[in-house]
Amino acid sequence: MSNTKNSHTFHIPVMGLAFTIDSPIRVAHYGITSTVSITDDDLIEKMRAFYNEKFSIPYQEITQKIQDYRATRITNYLNTMDTIVNEKFEKFKNDLVESKTALENYIALLPNKSDLKKGLQEFIDDGMTIKDNLVQFIEKNISLGEIDVNIMTKVDKDNYEGDVQLPIEFNDAHASLRGFANSNLKSSVVLSAGMNPRLYSYFENFPDFFPDETGFLRKKIILKVSDYRSALIQGNFLAKKGLWVSEYRIESGLNCGGHAFATDGFLMGPILQDFKEKRSELLQSTHDLLIKALTLKEKPLPKTILPIKITAQGGVGTAEEHEFLLDEYQLDSIGWGSPFLLVPEATSVDAQTRKLLANAKEDDFYLSNISPLGVPFNSIKGVSNDYWKQKRINDNKAGSSCPKKFLALNKSYNKEGICTASKKYQDLELEKLVQKKSEISATDFEIKQQKITEKSCLCVGLANASYIENDMPIKGQQQGVVICPGPNLAYFDKEYSLHEMVQHIYGNTNVMHETERPNLFVKELKMYVDYLRNEISTFTDEVTANQLKKWNSYRNNINEGIAYYQNLFKNTSYFKNSGSKIAEQLEFYKEAINTIELKS
């Protein structure tokens with residue numbers, strides 16, 4: 001079922017492998033859209049078994065012996081989820097008609113400016129006397145949240161049967177896409193982590209991604225992007241194939257959860273401004289290319305220009321920031337991720353990890369190098385994975401057994417690929433390092449050793465929370481839990497009900513403990529200043545003219561961003577209570593970025 005009438009002005013983005021794996025089952029009937037990672041087919045199969053049993057749905061295991069098992073597992077789980085969500089939705093609508101309390105609770109969840117909220121309130125005020133009218137209103141106006149899925153485009157490992165490489169459609173991301181495309185869902189696939197031309201071309205194999213004459217898309221494409229240029233390039237690339245991007249999801253480069261894809265000093269505010277000013281240009285450019293491609297393919301041509309949504313996420317923490325982003329940049333929705341890790345009704349996190357998140361302070365959140373992808377990864381001190389990883393290092397058994405191999409993408413040692421977090425890889429690298437021990441200082445040896453062994457098994461660590469929460473057995477080597485919240489979570493300090501968190505988003509209550517929390521733009525700015533300072537201080541290679549040019553460009557972009565913010569905060573009706581503080585902070589970081597000494 002497709003959510004054409006958005007009940008809410010926020011969505012829950014994908015988090016990890018496990019944390020939003022069943023979020024639609026938990027929240028979609030309230031009209032809340034959430035995104036499921038479809039990377040880990042093993043976790044997906046176990047979650048299907050769990051929910052089939054819970055909802056008395058017949059279950060037959062899809063083993064790895066079955067042809068195209070990965071895509072088949074994904075399709076079946078998504079279909080199961082769709083069935084459960086629709087059944088819960090029908091029951092929920094019936095509850096709204098039969099129970100004044102249920103209706104009042106639902107009204108309390110809706111945005112204050114919502115026409116739906118006003119309409120339902122009128123039925124409460126009238127004493128819910130004419131049930132048939134209420135039934136008709138609910139059927140016409142209330143819709144499900146979307147069951148969206150996420151694919152990290154770079155996690156597209158080649159697969160083999162023995163020594164024989166399988167055709168490209170059996171690559172991990174390709175099989176994930178096929179699993180979604182073959183499902184019953186009418187929703188969207190979110191593509192993250194950059195462009196994968198081979199994967200993008202594979203979309204052409206599935207009719208659901210092409211519009212009909214009315215412009216209806218059974219399955220839609222959402223691109224997670226870091227800036228306007230990236231959006232235009234990718235949007236045009238897909239449009240030339242007759243594929244429409246229905247949403248561009250702008251994420252902060254650093255002030256977010258999961259992998260952090262830092263820009264070259266381009267800040268969130270100026271990036272959003274770019275999209276605001278060029279939205280019609282993006283729409284027209286991609287539309288013209290789409291029509292040309294659909295004509296060449298002899299496919300139906302939509303009678304009107306298809307709509308696009310522009311959304312944003314990363315570091316949003318207050319109702320004022322939420323409203324500001326919607327109003328100032330004319331956005332369609334705001335992503336609220338990390339705060340929902342503290343909402344058991346919405347996400348899948350084990351009790352021990354939730355407690356760790358609730359108690360964490362600003363200094364507990366940091367950018368690490370633990371990801372085998374070689375991309376900075378948002379981390380938190382004290383996760384159980386750190387304990388087990390360190391124990392193996394202390395026992396001279398560094399590295400993971402690597403049971404899932406989704407990130408076995410390094411081809412230094414074989415054509416099949418090997419994960420840099422695996423014991424096999426780390427043994428080989430440590431052996432090479434030991435051979436060079438006499439040539440380098442003890443300090444350098446220790447640094448290089450630490451760089452090899454710090455990688456974590458994300459495939460297992462990011463999935464374990466669901467197993468622990470649902471009392472499922474965990475086979476194999478003990479990895480503990482890896483979790484990847486954004487630093488914004490430092491200002492939330494306990495578990496919350498869904499009602500409390502949604503009320504917070506819409507400004508009807510404040511669940512935040514920290515009054516000194518910086519504005520989301522200021523927080524990101526600080527992170528970018530720290531990022532440059534750290535990159536320069538840890539840079540050990542020879543500084544070339546090109547490297548100096550890159551650092552100077554980064555600093556210039558930061559300065560342009562600060563100038564933009566100084567003008568923005570002077571002229572907005574928002575943030576009046578914190579305006580002078582923000583102005584001081586902008587000046588402080590302007591001085592900080594300009595006093596960082598660039599190596600020469």
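The values are calculated or read from the model by the stated rules, or taken from the named source; none is laboratory data. Computed from a prediction, not measured in an experiment: that's the story for all the values here. Neighbour counts run over all protein chains shown; Cβ positions are idealised from the backbone, glycine included. These accessible areas exclude ligands, DNA and RNA; they are computed on the full protein's heavy atoms, side chains included. Shrake-Rupley method; radii C 1.70, N 1.55, O 1.52, S 1.80 Å.
Just need the relative contact order of the chain here, percent rounded to a whole number, with Cα pairs under 8 Å and 6+ apart.
Numbers: 1035 pairs, mean separation 91.7, N = 600.
Relative contact order, the chain: 15 percent.
Largest first, the extents of the alpha carbon coordinates of the stretch 338-472 on the three principal axes equal 54, 34, 26 Å.
With a 1.4 Å probe and every protein chain kept in, tell me what percent of the accessible surface of the stretch 105-233 is carbon plus sulfur.
Values: 2670 of 5410 Å².
Using a 1.4 Å probe with all protein chains present, the stretch 105-233 comes out at 49 percent carbon and sulfur.
Each part gets one Cα centre, and for the stretch 173-203 versus the stretch 370-416 those centres are 26 Å apart. Please report, as a whole percent, how much of the solvent-accessible surface of the stretch 446-600 comes from carbon and sulfur atoms (probe radius 1.4 Å). Answer for the stretch 446-600: carbon and sulfur cover 46 percent of the accessible area. Three semi-axes describe the equivalent ellipsoid of the stretch 461-581; taken as square roots of 5 times the Cα gyration tensor eigenvalues and ordered largest first, they are 35, 29, 10 Å. Accessible surface of CYS256, taken over heavy atoms with a 1.4 Å probe and every protein chain present, rounds to 10 Å².
Could you work out the Kirkwood radius for the stretch 201-262, taking every pair of different alpha carbons, averaging 1/r and inverting it, reported in Å? Intermediate results must be reported in sequence, preceding the final value.
Working: mean 1/r = 0.0776 Å⁻¹.
Roughly 12.9 Å, rounded to one decimal.
Please compute the Kirkwood hydrodynamic radius of the stretch 229-334 from all pairs of different C-alpha atoms, in Å with one decimal.
Numbers: mean 1/r = 0.0666 Å⁻¹.
Kirkwood radius, the stretch 229-334: 15.0 Å.
Solvent-accessible surface (1.4 Å probe) assigned to PHE324 amounts to roughly 0 Å².
For the pair GLN330 and ASN105, what calculated FRET efficiency results from E = 1/(1 + (r/R0)^6), where r is the Cβ-Cβ distance and R0 = 30 Å, to the nearest 0.05?
Working: r = 31 Å, r/R0 = 1.03.
Efficiency, rounded to the nearest 0.05: 0.45.
Positive-end ranking of MET152, SER441, ILE380 along the dipole of the chain, with charges on Cβ about the Cα centre, is headed by SER441.
Once you keep just the Cα pairs under 8 angstrom separated by 6 or more residues, what percentage relative contact order results for the stretch 466-575? Don't skip to the end; give the middle numbers.
Values: 23 pairs, mean separation 16.1, N = 110.
Once normalised by length, the contact order is 15 percent.
In this structure ILE271 has an accessible area near 20 Å², from a 1.4 Å probe over the protein heavy atoms. Using DSSP loop states and a limit of at most 10 other Cβ atoms within 10 Å to flag trypsin sites (Lys or Arg not before Pro), what is the longest stretch of the chain containing no flagged site? Maximal segment without exposed cleavage sites: 66-302. For the chain, the per residue solvent-accessible surface stands at 44 Å², with DNA, RNA and ligands left out and a 1.4 Å probe.
Before anything else, pin down the relative contact order of the stretch 66-182: Cα pairs under 8 Å, at least 6 apart, normalised by residue count, whole percent.
Working: 78 pairs, mean separation 41.0, N = 117.
Relative contact order, the stretch 66-182: 35 percent.
Distance from the Cα centroid of the stretch 538-574 to that of the stretch 424-502 is 31 Å (rounded to whole angstrom).
So for the chain, Kirkwood radius off the Cα pairs, Stokes-Einstein at 10 °C and 1.306 mPa s: how many µm² s⁻¹? In µm²/s, the coefficient rounds to 62. Note on the chain: helix-only mean residue ellipticity at 222 nm, from DSSP H runs of 4+ residues weighted -39500 (n - 2.57) and normalised by residue number, equals -14500 deg cm²/dmol. One chain, two ends: ASP541 and GLN136. Fully extended at 0.36 nm per residue, the span grows by 138.9 nm beyond their Cα-Cα distance.
Run the accessible area of the stretch 1-75 with a 1.4 Å probe and give the carbon-and-sulfur part as a rounded percent. Display every interim value, and only then the final one.
Numbers: 1380 of 2740 Å².
In the stretch 1-75, the share of accessible area belonging to carbon and sulfur is 50 percent.
Nearest-5 percent of antiparallel DSSP beta bridges in the chain?
Values: 8 of 37 bridges.
Roughly 20 percent of the DSSP beta bridges within the chain come out antiparallel.
Suppose every Lys and Arg Cβ carries +1 and every Asp and Glu Cβ carries -1, with no other charges. What dipole size does the chain come out with about its Cα centre, to the nearest 20 debye?
Working: 72 positive and 79 negative charges, 223 e Å.
Result for the chain is approximately 1080 debye, rounded to the nearest 20.
Of all lysines in the structure, those lying under 19 Å Cα to Cα from LYS405, and not within fewer than 8 positions of it along the same chain, are LYS46, LYS65, LYS154, LYS157, LYS389, LYS397, LYS415, LYS423, LYS424, LYS455, LYS475. Label separation (ASN556 vs SER56): 6.9 nm, computed from points 7 Å beyond Cα along the C-beta direction.
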